[in-house]
1. Hey, among the residues in the stretch 142-163 that are hydrophobic (A, V, I, L, M, F, W, C) and in contact with a Phe, Trp or Tyr (Cβ under 7 Å, 6 or more places away or on another chain), which one's modelled with the lowest pLDDT?
2. Considering only the stretch 95-127, state which residues are in a helix (DSSP H, G or I), open to solvent by 20 Å² or more (accessible area, probe 1.4 Å) and of a type in the set (Asp, Glu).
3. Identify the single condition in (1) open to solvent by 30 Å² or more (accessible area, probe 1.4 Å); (2) on the phi > 0 side of the Ramachandran plot that Gly210 does not satisfy, given that it satisfies every other one.
4. Just one of (1) open to solvent by 40 Å² or more (accessible area, probe 1.4 Å); (2) out of contact with any helix residue (DSSP H, G or I) (no Cβ under 7 Å at 6 or more places or on another chain); (3) of a type in the set (A, V, I, L, M, F, W, C); (4) assigned to a loop (DSSP other than H, G, I, E, B) trips up Leu76, so point out which.
5. Quick check on the stretch 180-198: of everything there that is within 14 Å of Ala213 (Cα to Cα) and at pLDDT 95 or above, which residue is surrounded by the fewest Cβ atoms within 10 Å (Cβ to Cβ)?
6. Which one is nearest to His307 (Cα to Cα) among residues in the stretch 133-162 that are in contact with a helix residue (DSSP H, G or I) (Cβ under 7 Å, 6 or more places away or on another chain) and free of Cβ contacts under 8 Å to residues at least 60 places away in the same chain?
7. Within the stretch 330-377, how many residues are touching a Gly at 6+ places or on another chain (Cβ under 9 Å) and at pLDDT 85 or above?
8. Can you pull out the residues in the stretch 138-175 that are hydrophobic (A, V, I, L, M, F, W, C), over 24 Å from Met128 (Cβ atoms) and under 23 Å from the mean Cα position of the chain (by Cα)?
Amino acid sequence: MGYGELIIRSYDPQYDRTRVEDFERKCEVGPAKRVFLFTDTLGDPICRIRNSPIYKMLVAELGNQLVGVIQGSIKLVTVHKPPNDLAKVGYILGLRVSSLYRRRGIGSSLVIKLEEWFIANDVDYSYMATEKDNKASVKLFVDRLSYVKFQTPTILVNPVSHRMFRISSNVELAKLKVEEAEAIYRKFMSSTEFFPIDIGNILRNKLSLGTWAAYPRGESWGGVPSSWAMLSVWNSGELFKLRLGNAPLSCLMYTKSSRLIEKLVPCVKLPCIPDFFRPFGFYFIYGVYREGPLSGKLVRTLCRFVHNMASKSKDCKVIVTEVGGSDTSRLHIPHWKSLSCPEDLWCIKALKNEKKNSLHELTKTPPTRALFVDPRE
């Protein structure tokens, strides 16, 4: 049975918004054999890229049927060698193909069209992120489209409970002004892989809730503390909501029973799973940096502070952090192993011939520096 010619075009908000929203609600995120998430974009299908410097969404149609979507953003970042090695990179995200139309080349056609847009905007590298065990995605990008492994960051997820964590009296916390936070990030993280040159725009965005520093009480932040740590917080729940799907009945029962026990007998320290079966938001911690022998403890204290802040939000159910696979800060960030992803997979592709040699060096060199994960993505 014929379906007509595949048409790929730019997203038209007036014509496509309702169709794309309905399409997204039907498309799960994650391998279908495991627990997956559904996304509610709150009436704005391009919410995940809208805060990027340059962005685009493409839709694929067969006849009048919407069969696929893809999104992309472009920014200038640090790559490989500091301090002057900058590159314009294009990020691919939100690739969805209807389950009824898979294995027909629609996904690869969408990626190729987005790469053409990248090239027209003088992009050096195209990159994407997927789960390491997402065989379909890895096969598409690595085997068919010549992407290569770049990084395997760790995604850390910590549920938000109603209990407030105690903040150590030996630690001083300070909320930094945007100008101060920007200056510190540029001084200490500008050589970090994928550090965005427009960091100031990120910190000034209304979704960025602030930047906090922690240091030993009795020392001066105006001087140079013997140990210190900092991080920033992004309110992703203002952009879109998530909802859990395909969870076993036992998980649902434990969620309800643990919440009931927490309310009736708060002194019982039973791990309580938030209600992920209804739409929920999350905070994203980014820009984690630390120095000094006590900096690990200070990172943990900052995470406790963010948890207490999140517990006051009506729909923030988890706190998410993504750090480089070799970044030891992950050892000090509270998280549940069962909810986290130890190896997310980033793949990259050179779009210019002169960048192909540097791509080989970029992907083969052990990641000795931290990875800056942009909260806008």
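1. Filtering the stretch 142-163 for residues hydrophobic (A, V, I, L, M, F, W, C) gives 142, 145, 148, 150, 155-157, 160.
Cutting the leftovers down to in contact with a Phe, Trp or Tyr (Cβ under 7 Å, 6 or more places away or on another chain) gives us 150, 157.
On the way: Phe150: 85, Val157: 91.
By that ranking, first place goes to Phe150.
2. We begin by selecting, within the stretch 95-127, every residue in a helix (DSSP H, G or I); these are 99-101, 106-120.
Restricting the remaining residues to those that are open to solvent by 20 Å² or more (accessible area, probe 1.4 Å) gives 99-101, 109, 112-113, 116-117, 119-120.
Scanning the stretch 95-127 gives a single hit, Glu116.
3. (1)
4. The failed condition is (4).
5. So the residue we want is Ala183.
6. Leu140
7. 8
8. Our first condition is that a residue be hydrophobic (A, V, I, L, M, F, W, C); within the stretch 138-175, this holds for 138, 140-142, 145, 148, 150, 155-157, 160, 164-165, 167, 171, 173-174.
This time we only want the ones that are over 24 Å from Met128 (Cβ atoms), so: 160, 164-165, 167, 171, 173-174.
Listed by number, the list holds a single entry, Val160.
The values are calculated or read from the model by the stated rules, or taken from the named source; none is laboratory data. Everything numeric in this text was worked out from a predicted model, so none of it was measured. FYI the Cβ positions are ideal-geometry reconstructions off the backbone, even for glycines, and counts take in every protein chain you see. Note: areas computed on protein heavy atoms with side chains; ligands, DNA, RNA excluded. Shrake-Rupley method; radii C 1.70, N 1.55, O 1.52, S 1.80 Å.
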